[in-house]
Amino acid sequence: MTCAPLTPGERWRAGPLRLTSAPRTLVDCAREWPLADAVVAMDGALLAGRTTIDDLRRSAAAVHHW
């Protein structure tokens, strides 16, 4: 497991569950997963309307120093 700081906008709550936003989750997965798997996950999230390309760009830019 790799720990990284979260900004308030990246934290979500769904009932008793604490979650990270879709863009942040996808960027975190892209740091750990093979490229093809990360691309498929991002493409699926984009097609499902869970995130936007701009949101993914912002999330990736915010963690460029990791």
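The values are calculated or read from the model by the stated rules, or taken from the named source; none is laboratory data. Please read all numbers here as calculations on a predicted model, not as lab measurements. As a convention, Cβ positions derive from the backbone with ideal geometry for all residues, glycine included, and neighbour counts pool all protein chains shown. To get the accessible areas, we keep the full protein, side chains included, count just its heavy atoms, and leave off ligands, DNA and RNA. Shrake-Rupley method; radii C 1.70, N 1.55, O 1.52, S 1.80 Å.
Considering only the range 1-14, state which residues are assigned to a strand (DSSP E or B) and within 18 Å of T52 (Cα to Cα).
We begin by selecting, within the range 1-14, every residue assigned to a strand (DSSP E or B); these are 11-14.
Listed by number, the residues that qualify are R11, W12.
Just the residues that are in a helix (DSSP H, G or I) and open to solvent by 70 Å² or more (accessible area, probe 1.4 Å), please, taken from the range 15-35.
If the condition is that a residue be in a helix (DSSP H, G or I) and open to solvent by 70 Å² or more (accessible area, probe 1.4 Å), then R31, E32, L35 are the ones that fit.
Of the conditions (1) of a type in the set (D, E, K, R); (2) exposed (fewer than 10 other Cβ atoms within 10 Å of the Cβ); (3) outside any helix (DSSP H, G or I), D54 satisfies every one except a single condition; which number is it?
Answer for D54: the failing condition is (3).
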